[in-house]
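Notes for the one structure printed next.
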Amino acid sequence: ISNNNYIVYDIIKSKYTIKLLLELLNVTEKEKSIYVAICELIYNLSTNSDFISESCKFKPSYSYKLLEGVCLVNSNTNTNYLTTLWSALDSYASHAEGLIDLINSGVIIRLLGILMNVNGYLSTYQNRLSSISLLSKLLVHPVQGGEASATLTRFLPEPVVLLLKSKLGNPPSGLQVIDDINENPELIWTKDMQIILRDSIVQLTDNDYSHITILSPDYMVLYPQIQNEIYIGNVYIRLYLKQPTYQLSQPVIFLEKSIEFWENLLNRNLTISTNSSSSSNQQLVLGSEDFLSLITSCIIYLIKYKEILIDQLIQWDFPNMICNYINKLITKNLATGNLVICCIRLLYQLVERVEVIDSLGCNYNISTNVILSLVNIIDVHNIRNSTEFNNGMDLDLSQAQSPIIPKDCSFIIELLKKIFTSNTKYIDRFITYALTAKLPEFLLKCIIGSSDKYFKDVINFSALKIYSIDIIKALINHCDNESQKSYLVSLLDNSSTWNDYKDQSHDLYITDQEKTDYFLIEDASGTKFAGLLTNGPEIYKSATANAQSSALRSKIDASKGFSNISTKFTDDSFDIKSSPIVRSDDNISPIPKDSSQSNHLNNNQKQTITSTKQTFKTVITKSTHGIGLDITKAPDGGVLVQRLKEMPDGSVNPATLATPTILPGDRIIGVNGQKLIMFIDVVKAIRSAQGKVEIWFERE
């Protein structure tokens, strides 16, 4: 046959011959040698497309009988004919008409019976490998692959089908997909689901191969394990939010689909709000979860752990799209609530990249720019257009409608800070936007100059003034326009409260460990943000007098830490002899930095000390509010202790428990075994430290 095509042609023309070959496939065990020969003959014939087309016209078809031969446990299962039969089935699967005939013959169900080791099916390892190989081939067929995939999806979850497609040419890996138990963001396939599939096949076939199983149009194997799962862009949302660092196989597709869903949900919510008789936010929910928030969290996690995707978002102009949605929400009086917060959460994460900020600034629009939009959100009651505000009069916020600012204002202010402290090439344009939106005036009058009692409902309210102060400083520092800068300077000079805050340093404000990522988990406590250096006279009053008087009452044991310090800090490296301890009644006082500081010391406390520098080590156990020290930058770039803080919640300052006692004027020269001299290095080391922090000081 292989050398003489006319023989195949003669067989095709003779329908009796084709029917005879089909009948010979039903031979019994006594004619086993005949069966093997017929299988080899059919395999050779199946290499001819005309034969496949003609054989598919018979019922039952050749493909059906071939499937019966490879699937069922019978008297011929131990012979070498199986390889020949699988090769013939591969030939049928490579032909459009043959593939259709295979599908109509129930090939999907039969192959799953082999793979799932259904009773009565031949489920040897080699047979299962051949089954998964043929199944993968069916799924990727250029013409009928879609129909095969649709049929298989009625039995298997879509992620399993997709994974099987990807394993074409690697049968062991495909078989592993079926056998392994998985529960990750891209695949849920459990032992219970395998049992459900096996039971479903048994119910459909009942171990009876005398008829072809016909599926009803609505037939679908139901898996309770995934019935309530949200599946978008080949990813299970619930599991991705639990495992955000999981390496997705197709992150761009997931990002694209997530944004598509995000837009559709936001538009639908806008439509609901427009058609509603009330102006309240009505959210689409899934179970007890807000669907829009879930999708927003997915996008944030995705770009947080795979930053290269931000480039894709810039190409899609997604940052400006977010701003357009914010403006729509403001226009529909929906500037508060979850809809706008979902937009803010995305911007908050995206502006970590200066390219995003540039994209927000490249389209010049004085009436719909991002700065104006954000200011409109925090100015809930449009205070900026009031007569008192514009005439320079003092604002009586006690008469204002509550809340004065939204509860999420701290994070919107921080978002603005990120923009103004970035290296964007459009900083001049953003400053113009800020002045047009009256942002500096609003921050000075309504936040920096206002009592904290108005902000108790604001999440992380202790951060509010800090970020506002940083924005004002950034506007001054980056402003190159003389008229604008003159206006800002004049505005600050005429502010009665600015002098109390302009010289504050916030370098140690909120360590990485203490800061909660609110925009990911949407649950943050104001106490997490309370570890600032100073937050104005109303909350954080000077603790200098108390700290010094407490320190002067403490006894310092020279054997517990005073010594010179070496390049690498270890307890063995101290040379106590080279640095004598100056003691007077066991009390040690620092040299005051100025006369105002020396006024805190009474005559009995003032000591005669030498100019000899002393070094010592102490340990501070870091609390929720930090290490309890206010530090300042020395003229030579070093770090000096300015004072010990009072804790916002009245708790014990951990620095007051340190031994030896820390005093104002002490110089920090090392943290956790590293010699550190410059201010920025000390700040970074303290920020990254956890638990007990070893700090080396130098005292004159």
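The values are calculated or read from the model by the stated rules, or taken from the named source; none is laboratory data. Computed from a prediction, not measured in an experiment: that's the story for all the values here. Every residue, glycine among them, receives a Cβ derived from its backbone with ideal geometry; neighbour counts consider all protein chains shown. All accessible areas refer to the heavy atoms of the entire protein, side chains included, with ligands and DNA or RNA removed. Shrake-Rupley method; radii C 1.70, N 1.55, O 1.52, S 1.80 Å.
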Going through the stretch 610-637 in order, the residues found to be modelled with pLDDT of 85 or more, farther than 23 Å from residue 460 by Cβ and within 39 Å of the chain's Cα centre (by Cα) are 618, 619, 620, 621
A careful count of residues in the stretch 101-118 that are surrounded by fewer than 18 Cβ atoms within 10 Å (Cβ to Cβ) and at pLDDT 85 or above gives 1
The number of residues in the stretch 394-437 that are in contact with a Phe, Trp or Tyr (Cβ under 8 Å, 6 or more places away or on another chain), part of a loop (DSSP other than H, G, I, E, B) and at pLDDT 90 or above is 1
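Restricting to the stretch 135-150, count the residues that are over 14 Å from residue 170 (Cβ atoms), outside any loop (DSSP other than H, G, I, E, B) and touching a residue at least 24 places away in the same chain (Cβ under 8 Å). Even if it seems obvious, please write down each step before you answer.
Of the residues in the stretch 135-150, the ones over 14 Å from residue 170 (Cβ atoms) are 138, 141-150.
Subsequent filtering for residues that are outside any loop (DSSP other than H, G, I, E, B) retains 138, 145-150.
Pick out the ones that are also touching a residue at least 24 places away in the same chain (Cβ under 8 Å) and you get 138, 147-148.
Within the stretch 135-150, residues that are over 14 Å from residue 170 (Cβ atoms), outside any loop (DSSP other than H, G, I, E, B) and touching a residue at least 24 places away in the same chain (Cβ under 8 Å) number 3.
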By residue number, the members of the stretch 651-675 that are under 35 Å from the mean Cα position of the chain (by Cα), surrounded by fewer than 21 Cβ atoms within 10 Å (Cβ to Cβ) and in a loop (DSSP other than H, G, I, E, B) are 651, 672, 673
Over the stretch 101-131, the set of residues touching a residue at least 60 places away in the same chain (Cβ under 8 Å), in a loop (DSSP other than H, G, I, E, B) and touching a strand residue (DSSP E or B) at 6+ places or on another chain (Cβ under 7 Å) is 120
| said: Can you confirm whether residue 65 is farther than 21 Å from residue 129 by Cβ, assigned to a loop (DSSP other than H, G, I, E, B) and modelled with pLDDT of 75 or more? | reply: no
All-but-one check, residue 215 against (1) open to solvent by less than 50 Å² (accessible area, probe 1.4 Å); (2) more than 21 Å from residue 123 (Cβ to Cβ); (3) at pLDDT 90 or above, failing number (3)
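Check 264, 234, 207, 275 and return the single one that is at pLDDT below 85 and out of contact with any Gly (no Cβ under 9 Å at 6 or more places or on another chain).
Working: 264 fails: at pLDDT below 85; 234 fails: at pLDDT below 85; 207 fails: out of contact with any Gly (no Cβ under 9 Å at 6 or more places or on another chain).
Testing whether each residue is at pLDDT below 85 and out of contact with any Gly (no Cβ under 9 Å at 6 or more places or on another chain) leaves just 275.
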Checked pairs for the stretch 486-498, first more than 19 Å from residue 465 (Cβ to Cβ), second at pLDDT 90 or above, C-beta under 9 Å and 6 or more apart or across chains, list as 487/435; 487/440; 489/476
Pairs returned, first residue in the stretch 402-416 that is touching a residue at least 12 places away in the same chain (Cβ under 8 Å), second residue that is open to solvent by less than 10 Å² (accessible area, probe 1.4 Å) and of a type in the set (Asp, Glu), beta-carbon separation under 9 angstrom, 6 or more apart or interchain, are 405/379
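Out of curiosity, is residue 465 assigned to a helix (DSSP H, G or I), open to solvent by less than 10 Å² (accessible area, probe 1.4 Å) and basic (Lys, Arg)?
Details: assigned to a helix (DSSP H, G or I): yes; open to solvent by less than 10 Å² (accessible area, probe 1.4 Å): yes; basic (Lys, Arg): yes.
Yes: the conditions hold for residue 465.
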